[in-house]
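Taking it in order: structure first as structure tokens, then the write-up.
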Amino acid sequence: MSYEFDNHAPIYLQLIELFNQKIVNGSWTAGDRVASVRELALEFGVNPNTVQRALAEMEREGMMYTERTSGRFITQDQQLISDTRQQLAEEKIDQFINQMQGLGLGRDELKQLIDRKWGKNNGADRNQ
Amino acid sequence: MALIEISNLNKSYGSKLVLNDLSLNLEAGRIVGLLGPNGCGKSTLLKILAGLISAYDGAVLLDGHKPDIHTRAIVSYLPERTYLSGWMRPVDAFDYFGDFYGDFDRVKAEDMLRFFNLDQKQQIKTMSKGMKEKLQLILVMARRARVYLLDEPMGGVDPAARSAILDAVLKNYQDDALMVLATHLIYDVEKIFDEAVLLGFGQLVMQGETDQLRQQYGKSIDEIFREVFRCSVSW
């Protein structure tokens with residue numbers, strides 16, 4: 001078990017966020033078959049019914065679909081994937097901005113700090 | 001009909017009331033955390049369900065039947081204390097269980113033994129506490145039962161062994177079975193429960209789906225437990 005869940009929040013919601021992350025960053029490929037509930041429950045060390053609930057919710061949101069005979073698949077709707085990516089990023093940035101404002105940082109100071117840190121934490125992007 | 005139906009269950013030891021008018025239904029296909037402080041009646045309840053205690057008042061039904069010698073065929077019970085003899089080795093315990101229970105899956109038991117890195121020829125009396133708990137768990141999980149009752153399956157083991165035991169429970173759990181896991185070590189285990197039952201003074205204090213409780217209280221099951229039982233340090 002490599003993933004740590006926060007016991008204070010519903011685990012199915014954390015699973016949805018985690019699975020969505022995997023889809024938007026490409027580690028789960030669009031159109032691929034999703035692992036079985038049992039495999040996912042084992043991989044993430046959580047209850048199978050909790051996994052089932054997360055997957056059902058993702059199906060409702062269109063991020064996955066079920067084919068009656070062959071199982072559950074990741075959406076091939078690139079627009080939806082990119083919208084979800086945008087939405088996840090905005091949520092994280094909102095949280096981040098709140099935290100930075102809590103530290104009393106202004107916009108310009110924060111932008112400078114990000115530019116300086118970006119190169120250190122992500123070598124490939126140093127010259128961008 | 002729920003797989004386990006308990007209504008107005010009372011049990012006392014002498015003048016001490018251990019289960020006090022307890023009513024509770026548990027459905028198949030779930031992993032239920034039976035949570036409560038020491039002495040709240042968890043073990044007594046599991047023993048009644050396992051058919052080991054028959055003197056009680058109230059109604060207890062397992063798949064529609066009173067717990068007795070017959071329901072033991074569908075119930076796999078892990079007691080708090082070991083009942084295995086010290087001279088036995090895992091291979092002897094497997095023989096014993098294979099003779100006793102028609103649903104004992106020896107191949108599965110041997111798989112789990114390898115998963116836990118246990119030696120099938122090592123005598124139980126030379127095993128550490130953690131090794132014994134793993135062996136007990138193997139014996140219980142290798143049966144194809146409909147109800148699994150686990151009483152403190154990771155009571156005295158270190159966190160690494162605890163994770164291994166949790167993995168084994170998840171790996172070997174069958175979707176259509178009911179698993180009731182009694183524990184007071186909630187934090188490490190709560191993510192495998194879909195339902196929590198809080199027991200205090202032999203009564204039902206709270207029952208609900210774990211994610212729903214987390215959403216409702218904004219707290220972990222462990223914290224909800226601590227809050228509910230905070231005023232009862234003397235237990």
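The values are calculated or read from the model by the stated rules, or taken from the named source; none is laboratory data. Worth saying up front: this structure is predicted, and the values here are computed from it rather than measured. Neighbour counts run over all protein chains shown; Cβ positions are idealised from the backbone, glycine included. For the accessible areas, the whole protein counts, side chains as well, though only heavy atoms, and no ligand, DNA or RNA atoms are used. Shrake-Rupley method; radii C 1.70, N 1.55, O 1.52, S 1.80 Å.
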Enumeration of residues in the range A:18-42 that are over 22 Å from A:ASP6 (Cβ atoms) and assigned to a helix (DSSP H, G or I): A:ARG38, A:GLU39
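Looking only at the range A:51-61, count every residue that is open to solvent by 30 Å² or more (accessible area, probe 1.4 Å) and more than 10 Å from chain B (Cβ to nearest Cβ) and tell me the total.
5
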What is the residue count in the range A:1-15 for residues that are more than 8 Å from chain B (Cβ to nearest Cβ) and at pLDDT below 90? 3
Take A:ASP77 and decide whether it is over 14 Å from the mean Cα position of the chain (by Cα) and either touching a residue at least 40 places away in the same chain (Cβ under 8 Å) or open to solvent by 30 Å² or more (accessible area, probe 1.4 Å) (or both). yes
Look through the range A:16-50, keep the residues that are surrounded by fewer than 17 Cβ atoms within 10 Å (Cβ to Cβ) and closer than 24 Å to B:ALA161 by Cα, and return whichever of them is nearest to the other protein chains (Cβ to nearest Cβ). A:ARG38
Within the range A:43-77, take every residue that is part of a loop (DSSP other than H, G, I, E, B) and of a type in the set (Asp, Glu) and give me the one that is nearest to A:ILE16 (Cα to Cα). A:GLU61
Failed item in (1) without any contact (Cβ under 8 Å) to a residue 40 or more places away in the chain; (2) farther than 22 Å from B:GLU152 by Cβ; (3) not in a loop (DSSP other than H, G, I, E, B), with B:LEU61 passing the rest: (1)
Show the residue pairs that are 6+ apart or on different chains and have beta-carbon atoms under 6 Å apart, the first residue being within the range B:145-167 and charged (D, E, K, R), the second being buried (at least 22 other Cβ atoms within 10 Å of the Cβ) and at pLDDT below 90. B:ARG162/B:MET154
The correct count of residues that are more than 14 Å from the chain's Cα centre (by Cα) and away from chain A (no Cβ under 13 Å) in the range B:151-196 is 4
Pull up the range B:1-35, narrow it to residues that are small (Gly, Ala, Ser) and within 20 Å of A:ASN47 (Cβ to Cβ), then point me to the one that is surrounded by the most Cβ atoms within 10 Å (Cβ to Cβ). B:GLY33
State whether one or more residues within the range A:43-54 are free of Cβ contacts under 8 Å to residues at least 12 places away in the same chain and basic (Lys, Arg). no
Going through the range A:92-109 one residue at a time, which ones are part of a helix (DSSP H, G or I) and under 27 Å from A:GLU17 (Cα atoms)? A:LYS92, A:ILE93, A:ASP94, A:GLN95, A:PHE96, A:ILE97, A:ASN98, A:GLN99, A:MET100, A:GLN101, A:GLY102
Selection count, the range B:99-125, where residues are open to solvent by less than 90 Å² (accessible area, probe 1.4 Å) and part of a helix (DSSP H, G or I): 9
Of residues in the range B:45-56 being free of Cβ contacts under 8 Å to residues at least 60 places away in the same chain and open to solvent by less than 60 Å² (accessible area, probe 1.4 Å), the one farthest from B:LYS191 (Cα to Cα): B:TYR56
Are any of the residues in the range B:197-216 modelled with pLDDT under 90 and within 14 Å of chain A (Cβ to nearest Cβ)? no
Among what's in the range A:1-15 and is in a helix (DSSP H, G or I) and out of contact with any Phe, Trp or Tyr (no Cβ under 9 Å at 6 or more places or on another chain), pick the residue that is most open to solvent (accessible area, probe 1.4 Å). A:LEU13
